[in-house]
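The values are calculated or read from the model by the stated rules, or taken from the named source; none is laboratory data. Treat the numbers as computed from the prediction; the structure is a model and nothing was measured. So basically every Cβ, Gly included, is an ideal-geometry build from the backbone, and we count neighbours across all protein chains shown.
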Amino acid sequence: MKERVHSRDVKKAVFSLLKERGVALSDIAEIVYEMQSPYAPNLTMQDCLESVLAVLEKREMQHALLVGIELDKLAEEGKLSEPLQSIVAQDEGLFGIDETIAIGAVYGYGSIAVTTFGYLDKAKTGIIKKLDNKTGRGVHTFLDDLVASIAANASSRLAHHLRDEEEALFDASNKAEDEPTTG
Ligand code: MG
């Protein structure tokens, strides 16, 4: 039996691939900030970065990144078979498999993640725009969608966590009010 790949190695590969392909985690955190700050006035970039890191802990997200970035790199080197080589290298608009892989990694974070992904796919904010093949250099047919997927997941995760925190604060202050005063 072949030895199983350790999760630690997969995670390490994902982080170095993102770096190699020009995506800083802060670039993704910026998109998350843009998506969530209108709903959370006290939101910080650190909150967004933490959420991005949490999303990158998910195996499904890691695997999607490995597959997508590998295909981008092979297309960039002209190593795919035709006609796939031309389709991926040209970022053919009707291809759709780049979005399919990215959206597959979005479902685990619920409806906010799905709708945010749809928005980012169209709006292409920040680093997503830079990666878009039609405007930038290199082949990032898969990566732009995958970055949208990470940002959408991190946004959704953050929205739910912020509500949990608000409610915990609310409960704690109510409890304090209910407590009988002594003396
Ligand atoms: Mg794409």
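Within the stretch 72-96, residues that are within 18 Å of Val147 (Cα to Cα) have Cβ atoms under 6 Å from residues that are of a type in the set (Phe, Trp, Tyr) and crowded, with 16+ Cβ neighbours inside 10 Å in these pairs: Asp72/Phe142, counting only partners at least 6 apart in sequence or on another chain.
Among the residues making up the stretch 121-143, those that are within 11 Å of the ligand (Cβ to nearest atom) and within 25 Å of Leu43 (Cα to Cα) are Asp121, Lys124, Ile128. Taking the conditions exactly as written (within 15 Å of the ligand (Cβ to nearest atom), of a type in the set (Val, Ile, Thr), buried (at least 16 other Cβ atoms within 10 Å of the Cβ) and on the phi < 0 side of the Ramachandran plot), does Ile103 satisfy them or not? Spelling it out, Ile103 is indeed within 15 Å of the ligand (Cβ to nearest atom), of a type in the set (Val, Ile, Thr), buried (at least 16 other Cβ atoms within 10 Å of the Cβ) and on the phi < 0 side of the Ramachandran plot. Report yes if Ser26 is without any contact (Cβ under 8 Å) to a residue 24 or more places away in the chain and assigned to a helix (DSSP H, G or I), otherwise no. Yes. If we keep just the residues of the stretch 121-141 that are of a type in the set (Val, Ile, Thr) and surrounded by fewer than 19 Cβ atoms within 10 Å (Cβ to Cβ), which is modelled with the lowest pLDDT? Among residues in the stretch 121-141 that are of a type in the set (Val, Ile, Thr) and surrounded by fewer than 19 Cβ atoms within 10 Å (Cβ to Cβ), the one modelled with the lowest pLDDT is Thr135. Summed over the stretch 19-38, the residues that are out of contact with any helix residue (DSSP H, G or I) (no Cβ under 7 Å at 6 or more places or on another chain) and surrounded by 13 or more Cβ atoms within 10 Å (Cβ to Cβ) give a count of 4. Scanning the stretch 63-100 for residues that are of a type in the set (Asp, Glu), under 18 Å from Arg21 (Cα atoms) and surrounded by fewer than 17 Cβ atoms within 10 Å (Cβ to Cβ) yields Glu70, Glu77.
Scan the stretch 35-43 and tell me whether some residue there is assigned to a helix (DSSP H, G or I), touching a residue at least 60 places away in the same chain (Cβ under 8 Å) and aliphatic (A, V, I, L, M). First the steps, then the outcome.
Here is the first cut: in the stretch 35-43, the ones assigned to a helix (DSSP H, G or I) are 35-36.
Filter again for touching a residue at least 60 places away in the same chain (Cβ under 8 Å), leaving 35-36.
After this cut, where a residue has to be aliphatic (A, V, I, L, M) as well, the list is 35.
Yes: one or more hits.
In the stretch 75-100, of all residues being of a type in the set (D, E, K, R) and outside any loop (DSSP other than H, G, I, E, B), the one that is nearest to the ligand (Cβ to nearest atom) corresponds to Asp98.
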